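Structure first, commentary second.
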Number of protein chains: 2
Amino acid sequence: MPTDLPNERALRAPGSMELDPSGEGISTDETRRLIASNKVEGTAVFDRAGDQIGTVYNFMVDKVTGQVAYVVMSFGGFLGIGESYHPLPWRALTYDTRLGGYVVDIDRDQLAGAPTHGAGEDPFADDEYGRRVDAYYKTTPSA
Amino acid sequence: MPTDLPNERALRAPGSMELDPSGEGISTDETRRLIASNKVEGTAVFDRAGDQIGTVYNFMVDKVTGQVAYVVMSFGGFLGIGESYHPLPWRALTYDTRLGGYVVDIDRDQLAGAPTHGAGEDPFADDEYGRRVDAYYKTTPSA
């Protein structure tokens, strides 16, 4: 896990849930429409089975339109060593208020074959990287 | 100025520029289409005269559409004391690659009368706050 996670949710055990017995959700700010950028960073990413597969490291925004194009998920590693980054098209993610994170319909095998980069690399300097991500996940280009 | 700025640009003198004599812009990642979320945070905000009026603290994203709705500019204060936060509609900002920051067509008097909140407040919990921002700057609702 990365060491600079901005919120505690990302440090929960994979697949764990934090259900509110009142049935009103995790907290009021999970039910609102807008989320702060620094809160997206660090949010858990789950597979369809509800198991945590990673954490949002950051996300890529189109400077002109303000549309979020890709979410970069960090995955594995220990104290930042060996950590890998997996960009996912924004459109492949669904926010689940019950889990308090994003759900993607991607299994670990798919993830293993997907475009990935290491810490310190800056692959979005080349637009081709985003196109590879869109092609892999068969999404229409986000930017 | 806030104490937790993620990049050095926000610490430059107000209105200063960092022009590249080659004419190719500040750096390659200023000319690309996508920007990382954690790089938006900390970016300088300038008025039309090129004077820095604040710094991007964070920004509010529509969880469903992935559209950036508001940029929260931090303004004034010292070591976080007395700092105020000014949300601006995303559509009111233009990214200027030459200045390396966002330009808004807002003067200090306009800013003084605009919706604002203090540190520790969470006004976007109420959708009404965003509507007040849109009404003040006469922008169509972003979310």
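One table, with the values for the structure above:
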{"quantity": "Prolate/oblate/rounded label for the stretch B:37-137 (Cα gyration tensor, a/c 1.5)", "calculated": "rounded"}
{"quantity": "Residues whose placed amide H lies under 5 Å from that of residue B:54, excluding near-sequence neighbours", "calculated": "B:45"}
{"quantity": "Qualifying lysines (Cα of each under 28 Å from Cα of residue A:138; at least 8 residues distant if same chain)", "calculated": "A:39, A:63, B:39, B:63"}
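Throughout, read-outs are computed from the coordinates displayed, never taken from laboratory work. For clarity, every value in this text was computed on a predicted model and none was experimentally measured.
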